[in-house]
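Read through the structure below, which is laid out as structure tokens, and then see the notes.
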Amino acid sequence: MTSKYVSKGFWNKKRVVVTGGAGFLGTKVVERLIESGASEVFVPRSINYNLVNREDAIRLLKDAKPNIVIHLAAKVGGIWANKLHPAEYFYENLMMGVQLFHSCWQEKIEKFVSVGTVCSYPKFATTPFSEDALWDGYPEETNAPYGLAKKMLLVQSQTYRDQYGFNSINLLPANLYGPGDNFDDTSSHVIPALIKKCVKANNENLTDVEVWGTGSASREFLFVDDAAKGIVAGAEFYNCSEPVNLGSGEEVTIKSLASKIAKSTRYGGNFVWDSSKPDGQPRRKLDTSRALKKFGFQSETKLSDGLKETAEWYSDSILQDTNFSNRK
Ligand SMILES: NC(=O)c1ccc[n+]([C@@H]2O[C@H](COP(=O)([O-])OP(=O)(O)OC[C@H]3O[C@@H](n4cnc5c(N)ncnc54)[C@H](OP(=O)(O)O)[C@@H]3O)[C@@H](O)[C@H]2O)c1
């Protein structure tokens, strides 16, 4: 963070609700808030507060009485999960976001922080994606239901500010990765999926790893700890409904990503590209200048370092699981 945006006690008197605070990104946001001195951080679990239901959203706000709500709860997954469940991705994300936002306005919460997604950008947006290009076209088809549902919170932020003066912001992180990511075969994103396959190939002496798509698409990845810093800084310093990208500025093709993952997992075999599977959006690279200008955010973790840390975390976690099963 640049010195102008060093926190000076802002969080000390703040009660914060972090929806999705037990998830991959949420865990890091909660850690960052506690480090920053937040007086209370409340993490509602979906089993107690199903935020798709409006009554649960209202009950949450009455129970927790927050000053600030950081909304991270979402149905999240990779290309295949989005392709298989488009209606659920649309309905649950839209209903959770719109109703919680409306309830926060009704309950006079000081500020709502909405975390959107790079999947809201048009399929063929000019790179680097500037926030001003968000409405220039339809998103890539496989993630459009998810991306558009989340994008409605941007409209809500702007209209509720104009009509009611309600303070909310909308941050758009790049694809995230890091320790604690989702490694489930049915819903993981590309980095955990590839790390898992390479580690498995090493353990089972396999010489081929299959990868979906042609490898020509590009992506930008943001380390999860960096994303958490950006969100907490935005929540403190930014008070405007213009959306803000949170990225690393580092564009990488999936082919080059696979090589980096091979290096970080010490996998020496081949990658076999399955071009019958979708590539998703052709290119993704964000213009990250607004986040730097408005609240001093710049990512700190290089992709190669973040991949190494994630691969080590994953290998340690499967080792612990194996030791635990052997003891049972
Ligand atoms: N992962 C990425 O690459 C990425 C990139 C850009 C933006 N984002 C955004 O970042 C946010 C967090 O993503 P993540 O990857 O950390 O996801 P995650 O690990 O799947 O966490 C999402 C959390 O949402 C909660 N949730 C889901 N449905 C809910 C419901 N009906 N009611 C209440 N809570 C519910 C879950 O809480 P329980 O555990 O209690 O069930 C879960 O812990 C999302 O808004 C996502 O759109 C993620």
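FYI, it's all coordinate maths here, none of it is from the lab. Because the structure is predicted, anything quoted here is derived from the model rather than measured. Positions of Cβ are backbone-derived with ideal geometry, glycine not excepted, and every protein chain shown enters the neighbour counts.
What the table shows:
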| read-out | value |
| --- | --- |
| For the stretch 1-75 and the stretch 120-145, distance of Cα centres in Å | 28 |
| Per-selection Kirkwood Rh - the stretch 103-235 (Cα, Å, 1 d.p.) | 17.3 |
| Mean separation of Cα contacts under 8 Å, 6 or more apart, over the residue count of the stretch 1-125: relative contact order % | 27 |
| Counted charge near Gly9, where neighbours are those whose Cβ lies closer than 14 Å (Asp, Glu -1; Lys, Arg +1) | +1 |
| Label-to-label distance, nm, for residues given as Phe10 and Asn50 (7 Å Cα→Cβ offset) | 3.6 |
| Two-site label geometry, Lys108 and Asp321: point separation in nm, points 7 Å out along Cα→Cβ | 4.9 |
| Added length on full extension, which subtracts the Cα-Cα distance from 0.36 nm per residue, Asn202 to Lys62 | 45.3 nm |
| Prolate/oblate/rounded call for the stretch 244-301, Cα gyration tensor, a/c under 1.5 rounded | oblate |
| Residue among Gly37, Asn82, Thr126 farthest towards the positive dipole end of the stretch 1-148, charges placed on Cβ | Gly37 |
| Rg ratio (alpha-carbon, reference 2.2 N^0.38 Å) - the chain | 0.99 |
| At R0 = 30 Å, FRET efficiency that the Cβ-Cβ distance of Glu35 and Thr253 yields, to 0.05 | 0.30 |
| Sorted by Cβ neighbour density within 10 Å, fewest at the top, the residues Ile79, Ile70, Ile195 | Ile79, Ile195, Ile70 |
| Calculated FRET value between Ala87 and Trp313, using beta carbons and R₀ = 30 Å, to 0.05 | 0.35 |
| Computed magnitude of the charge dipole of the stretch 67-139 (debye, nearest 20; Cβ of K, R +1, Cβ of D, E -1) | 160 |
| Positive-end residue of Leu319, Phe295, Gln281, charge dipole of the stretch 182-328 with Cβ unit charges | Gln281 |
| Relative contact order %, the chain, counting alpha carbon pairs below 8 Å whose residues are six or more apart | 19 |
| Full-stretch length increase - Asp132, Asp162 - with 0.36 nm per residue and alpha-carbon distance subtracted | 8.9 nm |
| Debye, to nearest 20: dipole size of the stretch 13-327, +1 on Lys, Arg Cβ, -1 on Asp, Glu Cβ | 420 |
